[in-house]
Structures are given as structure tokens and as C-alpha cells.
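Q: Structure below; questions to follow.
The values are calculated or read from the model by the stated rules, or taken from the named source; none is laboratory data. Note that the structure is predicted; figures quoted are calculated from it, not measured. Cβ atoms come from the backbone with ideal geometry, glycine included; neighbour counts cover every protein chain shown. What goes into the accessible areas is simple: the full protein's heavy atoms, side chains included, and nothing from ligands, DNA or RNA. Shrake-Rupley method; radii C 1.70, N 1.55, O 1.52, S 1.80 Å.
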Amino acid sequence: MASVSKFAQLVVETMKNHPELLSKSLIFLPRLSLLTLQCIDETGHQRQLSGSPASPVSSVFPILSEVSSNLSAITFASDVTVISPYAPDEYERTTYYNGITGNNSDHPVLVYRSNFLTTLFPKPEGGFAYIPVKSVHQGADQINWLSIDPARFFTHGPPGEEEKKGTLGPVVIWVGVIPGSTSSDTAHEVSQEIPALLLKNGVGDAVVEWREAVPARLVGPPLMPHVGSHDATYYVRRFLTALLGISLATEGMKFEDAQGTLTLWFHKNKDEDGNPSSNVYGVSNCHVLRKDTTVKYEHKGGAAKFHVRVCGMRRFQRGIDEIRKAIGDQGTLADLWTREIVKLRAKEKQDAKAIRANQRNLDDANEAIADLEALYDEVRGTGPTLNSTATSATLDTLHPSRSTSKAEHGSKYTPQELTALFYPLDGGPTTFMFPEERKLRIEGCATREELANPEEFDAEGQRCFIVGKYGNTTDLTVGRYAGLVSFLLNEVGIESVELGIYNSGVKNDEGFSAKGDSGSLVWHAKRGKARIVGQLHSGSNKGGATTNHVTYCSPGWYFLDQVRKKFKHADFYRFT
């Protein structure tokens, strides 16, 4: 039997004992939703020591089903005054199309079916009951309207005998209507004329079924706007915003599961004829965008496109997991503040100031949970986004209004911790200032001469650049560039001059890069502003999944010059 973590047990106990604090109204509606409790439970299982005793789910969560039943009863009592004789009951309405969208609950809602009197919908019975699973097949092809679909439904047999004992239903005229727009009575009345019309055209024994449906264009959604650090979602939404560090995965390399990072955005400004252009492009490594890097690619009219996705499946799932963890963490805090308030109120001499402070904390946690759950629902319906086309070494984006190149500092480090990493030596020159809203705007590029003569010092007092980068895999990391170039020889014998970035050298700090960070922009701060150092493309380690001991990047001044050869009016720093 499934088990529930001690964390979740504690939270549910608090909900039971103190509904006045974890409740929105006099009706017991938990402010902590089932999703939040599931996230708390996941967090609890990650932290719980192996072998710890756990309680059955059924003994901890019955309160949720009771709440659901009570709310359903209240809703029906207030909203429904007359039940149509043609309307399916709630069970059939919500489970009739179970399975046609896969292993999830996204199947449509049944509004009406014309054979409701002759073909009953079975309900689960007995200890091994199961909900029938359907899959949709192509039906008769005489009708092909936009909102009227010919179909046949195959009802699978019980587990283990899905095909052997499955049955193929009759031809169905499947009518889709806007949710809430059509009653079962109306559907029944209109359906009386359809079978006769079909029979007249040689289609007999057809069934008319009505479902609720919402039309949706299958274009990839736009990238999300970035929000201020006051918003609980600002860090966990970063993988779907236009800030630097966007995760990239190409359609052509999906089988290799290869992923990389967007380097930066730039404005084209003018086309080849000197006319104003509003196009905005993104740049990444060639090996991030294409499997065969030895053949030059440039998209021209009519040629095949190399599509680029924002987030591969691995990064997208990681983003989902991060949101769920954040929900669980906030749920745990809400439980803590609730217990603190209860304890303070129980004292003979109450501390009103402390109670108010904890109430503010509780309100903030509940607001954060609501915002995170809304983001979770929005992101879960998005999936990895296909919205770009590779053009040589560039990425054409559709959202120029969000194209400013800014580095996100996230919540991986506190302002104090990150500032300390950029000042490993006390008394060194002041070059880094933690930015407002945790976003550091890129405003220039270090020259060749400046890269050769660093002004900062590492923990050993050696001159270097303290640099940062934000990548798809390791997020924000800090490293050191000592001012000396490295020489690389690639697999086809081409020698190149690169910047070698070393790990920060700070104890317990992670490596500067890992697989999936290719394309990341490496930057450093000077007088409170960020400047480009280079474009990360590879690393060196002892093999396997070990940590890189040195990371290589192309010098920024050289990298930008290569872009200008193709886009001579490119502007890398415009604020939009």
C-alpha cells in the first residue's frame, strides 16, 4: 500500500486541528490543495530516512475526499435546479471518454449521447473494478465538419486483456460544443434529426455524441515574462523566460537527447539593403543546433528548416519538478507558521507582535502557493516549446519585445554569498555590485587587451577575472579566468585559441560547467555593469560524468565579430 511521509501527515493533522487558520471560509475548504499536499509529500519522502515507518494514504487523506464530496453537494444544490432526463450522471459525464487523451484526465466531458437508453454505461463493481478505457478510431468519412467528427471508440478490456476482450463501438457523430453553451435537452432535440439524415445517405446504426471542447491553435506559446523577486515564481519560471540561459534542444538531435544554452539576443537593425529591420535573433554554439558541424547551414526560402525547441524534455521535467518542490516547501512553511500561531495564542501572556508577524508569514506562504500552483497549471499545459528556426549559427525568435540580454541571478545564492564569490580577496578592487531585481544587464564586451590584463585577484592574490555564467544544466556558477589563452585541437585537427575558465576554487562550490551548458554567455562585472567575456563551448575532465576542471570559451570580442560578418548592423545591447 502507498505511504505518506511524516511531513505530509503533520500538515494534514494541522489542517484538521486548526481549520480557522488553514481555511478560506466557514465551510472547511483547505487552503492547502491536494496538489500542495502531494508536493509536500514528495519533499517529505526525499528527506525521510529509509526504513522510517509510514502511514497508509487512506488513513491520512480521507479528509480531502470528504471536502470534495461536500463541495460537490454544495455546488449542485446551488447551481442545478432541474436535472434533464437526457443528461448523463456525473460519473458517466466525467469518465465516459476516459483514455482517449492518454494516461491523464484531459479527456472531454460528455454532454449527451443518443443511445443512452439502449446502451448503458457500466459502473465499477466489486473489488477488482476498473474504469473502462477508450481510444478513438477513424470512423465513417462521409462527414468531415470542423466541429463535427466521425469516430468510433474502442473500449479496451480489463488490465491484461485490453485487446482480447475489447469491443469496437458503432459509428459516432461526435459533436464538439463550447463548454457550458449547450444543454443536454438541446443536444437531445437536435440529435433526433441526425440519424434520419445519415440513414438517408446510407449510414445506419450511428450514434450521436456531444462533448465539450475548446478549439486551440497548435502554435508554440510565447516565452513567459520575467517577474520581480517579490513574486514567488520568479526563480522556478526562469527556464521559460527570455533571460539569458534559455535551454535549447533541436528537433534534429532529439534522439541523442542533446541540449544546450542560448548565448544572447541581438537586434538585426537593418537588412542587407539597408532598410530598417525589427528582427531579433538569438545565438548559440553550432554543435548545440546541428549534429553535423562540418557542413555549413544557412536557411533560405524553400529549404528545410532546422527547428529549435525551448527546453528539451529533460529540462522541462526538471522545471516541473522545481515548481512542485517550491509548492511543497511553501506548504511546509504554511504549516509551520500555523503551528507557531497556535502555540503563541495558547500562552497566558500573548505576544501580539509575534502573532502578527507569523500571520504575515502565513499569508505570504499561502499567496506563494496560489501563485506557484497557477504557474504549475500553466506550464504543465505548455510542454517543451517549438517556436524557433535555426539560421546558420543563429536562432530566430518571435518575441523582440523581450529580447534584452540580461543575466538572471536566481535564488541559488544569497546576495551575500554571491558577492563573496566575486570578492575572494579582502580589499580587492570593487567590480561587482549585486543587481536590483537579481537581473544584471549585459552592456559591453571586454576587449582583447583587457582580457590579457585582469584587474581583479583570486583567493591566492593572483590577477584574474572573476566571471559568471548562467547555463542550462548548472544554472549560475562563478569561475576564474587568469588572462592566459588556451590552445585546443579538435577532433578534425583544427587548432584554436580559447579562454580557459577555471572553477572558483572556493571550497564546496561546484564546477563552472557541465554537459548542456554549451552556448552559455560568460561575463564579468566592471564598475557594477556586466560585460561579455566569451561564449562557452566545451570543457575538460577525467572522463565520464566527472566535474570539469577547466571550461573553454571563445573570446567575446572574436565571437561578436563573427556575428557582425553576417549581420553587420547587429546591436547586442539595445534595451527594449
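Q: State whether the residues of the stretch 297-306 include one that is part of a strand (DSSP E or B) and touching a residue at least 12 places away in the same chain (Cβ under 8 Å).
A: Looking through the stretch 297-306, at least one residue is part of a strand (DSSP E or B) and touching a residue at least 12 places away in the same chain (Cβ under 8 Å).
Q: To continue, here is another question. For the stretch 182-213, what are the residues that are within 19 Å of VAL109 (Cα to Cα), part of a helix (DSSP H, G or I), hydrophobic (A, V, I, L, M, F, W, C) and open to solvent by less than 30 Å² (accessible area, probe 1.4 Å)?
A: Within the stretch 182-213, just ALA187 meets the criteria.
Q: Is the stretch 308-324 home to any residue that is open to solvent by 20 Å² or more (accessible area, probe 1.4 Å), touching a residue at least 60 places away in the same chain (Cβ under 8 Å) and assigned to a loop (DSSP other than H, G, I, E, B)?
A: no
Q: While we're looking at this one, here's another question. Mind counting the residues in the stretch 550-561 that are in contact (Cβ under 8 Å) with a residue 12 or more places away in the chain and more than 16 Å from LEU484 (Cα to Cα)?
A: Result for the stretch 550-561: 2.
Q: Return the pair list, or none, for Cβ contacts closer than 9 Å from residues in the stretch 168-181 that are surrounded by 18 or more Cβ atoms within 10 Å (Cβ to Cβ) to residues that are of a type in the set (Asp, Glu) and at pLDDT 80 or above, at least 6 apart or on different chains.
A: Short answer, once both residue conditions are applied: VAL172/GLU209; ILE173/GLU209; TRP174/GLU209; VAL175/GLU209.
Q: Would you be able to say whether some residue in the stretch 175-189 is over 42 Å from the mean Cα position of the chain (by Cα) and under 20 Å from SER84 (Cα atoms)?
A: Checked against the condition, which is being over 42 Å from the mean Cα position of the chain (by Cα) and under 20 Å from SER84 (Cα atoms), the stretch 175-189 yields at least one hit.
Q: Could you say whether any residue in the stretch 216-227 is modelled with pLDDT under 85 and closer than 30 Å to LEU168 by Cα?
A: Taking every residue of the stretch 216-227 in turn, at least one turns out to be modelled with pLDDT under 85 and closer than 30 Å to LEU168 by Cα.
Q: Pick out the one residue from SER183, SER147, SER191 that is on the phi < 0 side of the Ramachandran plot and at pLDDT below 75.
A: Numbers: SER183 fails: at pLDDT below 75; SER191 fails: at pLDDT below 75.
None of the other options fit; the residue is SER147.
Q: On the basis of being closer than 30 Å to ASP89 by Cα, out of contact with any strand residue (DSSP E or B) (no Cβ under 8 Å at 6 or more places or on another chain) and not in a strand (DSSP E or B), does ASP231 make the cut?
A: Against the criterion (closer than 30 Å to ASP89 by Cα, out of contact with any strand residue (DSSP E or B) (no Cβ under 8 Å at 6 or more places or on another chain) and not in a strand (DSSP E or B)), ASP231 does not qualify.
Q: Please go through the stretch 440-475 and give me each residue that is of a type in the set (A, V, I, L, M, F, W, C) and farther than 16 Å from THR263 by Cβ, ordered by number. Step through it out loud before you land on a result.
A: At the first step, the residues of the stretch 440-475 found to be of a type in the set (A, V, I, L, M, F, W, C) are 440, 442, 445-446, 451-452, 457, 459, 464-467.
Listed by number, the residues that qualify are LEU451, ALA452, PHE457, ALA459, CYS464, PHE465, ILE466.
Residue-wise test of (1) within 13 Å of TYR481 (Cβ to Cβ); (2) within 30 Å of the chain's Cα centre (by Cα); (3) free of Cβ contacts under 8 Å to residues at least 60 places away in the same chain.
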site: GLU498; (1), (2), (3): yes, no, yes
site: GLY505; (1), (2), (3): yes, no, no
site: PHE512; (1), (2), (3): yes, yes, yes
site: THR546; (1), (2), (3): no, yes, yes
